[in-house]
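Below: the structure, in C-alpha cells.
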Amino acid sequence: MRARRLSAYPGAAPRASIKRWDAFTRFIDDGRICLTNNAAERELCGIALGRKAWLFAGSDRGGERPAAMYSLIATATLNDVDACAWLADVLARIADHPASRLDDLPPWDWKKTAVRLAA
C-alpha cells in the first residue's frame, strides 16, 4: 500500500500560514476569537451522527424533512429564541393563523409577536 502524502508540495502548509500571518495571529489581539474550531465541530457532531440514520429516510422527501427542521431550529437558535417554545407556539397557531400575517411566525419576529400577544 502506498503512503499518502500530506501535501503535493513539501512545505506548502508553513508557507501558507506565513502568508496569512496577520489573520493567523488575530486571536492574540481579540479575545473573542477562538484558537480552535472545537465549538464548530461539536455543533456539527449531531448532524454527522444523524447522517447514518438518514440513509434510511426512505426517499428524498424523507430526507428533506429533517433538513428543513434542522434549518428552522438552527435559525431559532441563532436568533436567541428557545427553539422548543417557538416551535410549540407556531405549530399551535399555524392552522388558524391568517396567511397575510405569516411574517409574524419566523423566529426573528416571533419574540416581538409573542410580547404583543401576551399584552
* Structure fact -> So for R0 = 22 Å, FRET eff. of D89-R65 from the Cβ-Cβ r, to 0.05, ends up at 0.60
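Can you check what the net charge comes to around A95, using other residues whose Cβ is under 14 Å from the Cβ of A95 (Lys, Arg +1; Asp, Glu -1)? If you can, show how the numbers build up before the last one.
Numbers: positive: R93, R101; negative: D89, D96.
After counting each charged neighbour, the total is 0.
Using the C-alpha gyration tensor of the range 59-119, what are the square roots of 5 times its eigenvalues, in whole angstrom, with the largest one first?
Numbers: eigenvalues 100, 42, 17 Å².
Each semi-axis is the square root of five times an eigenvalue, giving 22, 15, 9 Å.
Coordinate-derived values only; no laboratory data. Note that the structure is predicted; figures quoted are calculated from it, not measured. Heads up, the Cβs are rebuilt from the backbone with ideal geometry, glycines too, and the neighbour counts pull from every protein chain shown.
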